[in-house]
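See structure below.
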Amino acid sequence: MSISPSISLPPTPKALLDLIKLEAGPASMPDSRPALWISLAAYILTETGGQLVSADIPPSIAYGLVSAALLAALTFGALLLTGTRERFQHTLIALTATGAVIGLVSFLLTLAVAQIFPPPMPALKLVGFVLFPLVLWKFTVFLWIYRHAGMRFIPAFALGAIYLGFILLILSPLLTRAFNLI
């Protein structure tokens with residue numbers, strides 16, 4: 001029995017909400033090319049928007065594109081190794097759609113915190129601290145999706161942690177520095 005009241009939504013938004021609440025697996029998402037392209041585009045846009053708060057436009061766009069490509073490549077490789085390659089499209093749609101929703105919430109909260117604390121304050125460090133629970137939530141959702149895509153717990157945990165750790169701690173500063181050298 002769910003604590004929250006039931007909301008009457010169309011099937012795709014309901015499936016997305018259930019995924020974010022950890023009540024459904026990636027198979028609940030639609031399995032179509034348009035859904036894949038829309039969710040990928042939304043993921044790229046929210047990842048780019050999240051970087052635009054602290055970086056210039058070119059490294060932010062590169063970050064959005066590279067993080068989406070890396071997510072697709074890691075997911076494909078992991079599902080290929082586990083023998084569940086046929087679940088790739090469902091899994092990638094679920095990962096990018098939930099990542100886009102969490103990224104949008106993170107972007108909006110970042111903008112709100114940046115408005116509350118003007119630039120002389122160490123706003124970016126404060127934003128990173130305040131929004132860390134969203135990073136943990138994104139990790140938890142990715143772990144949940146990978147588990148329901150057929151991976152065991154430890155590999156799913158490692159894949160989610162490596163992906164998020166790499167894009168947040170290595171890729172973002174690396175692209176910013178690389179574009180500053182150009």
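The values are calculated or read from the model by the stated rules, or taken from the named source; none is laboratory data. This is a predicted model, so every value here is computed, not measured. Here Cβ is always computed from backbone atoms with ideal geometry, including for glycine, and neighbour counts include all displayed protein chains. Calculation scope for accessible area: heavy atoms of the full protein, side chains included, ligands and nucleic acids excluded. Shrake-Rupley method; radii C 1.70, N 1.55, O 1.52, S 1.80 Å.
Worth a mention:
- Across region 40-86, the mean sequence separation of Cα contacts (distance under 8 Å, 6 or more residues apart), normalised by length, yields a relative contact order of 35 percent.
- The angle between the Cα long axis of helix 153-165 and the longest principal axis of the Cα atoms of the chain comes to about 20 degrees, rounded to the nearest 10.
- Approximating the spin labels as points 7 Å out from Cα along Cα→Cβ, the Phe117-to-Thr82 distance works out to 3.7 nm.
- The longest part of the chain holding none of the exposed loop trypsin sites (Lys or Arg not before Pro), meaning those outside H, G, I, E and B in DSSP with at most 13 other Cβ atoms within 10 Å, is 22-151.
- The C-alpha atoms of the chain define a longest principal axis, and helix 33-52 lies at about 20 degrees to it.
- Protein heavy-atom surface of the chain, 1.4 angstrom probe: 74% of the accessible area is carbon and sulfur, with nucleic acids and ligands not counted.
- Within region 151-171: backbone nitrogen closer than 16 Å to the Phe132 label point (7 Å, Cα to C-beta): 165, 168-169
- The angle between the Cα long axis of helix 57-82 and the longest principal axis of the Cα atoms of the chain comes to about 30 degrees, rounded to the nearest 10.
- Accessible surface for Val105 stands near 60 Å², nearest 10, in the context of the full protein assembly shown (1.4 Å probe).
- Taken per residue, the accessible surface of the chain reaches 57 Å², heavy atoms only and a 1.4 Å probe.
- Relative contact order [Cα under 8 Å, 6+ residues apart], the chain, whole percent: 28
- Here is how the number arises for the chain: DSSP H runs of 4 or more residues each give -39500 (n - 2.57), the sum is divided by the residue count, and the result at 222 nm is -24500 deg cm²/dmol.
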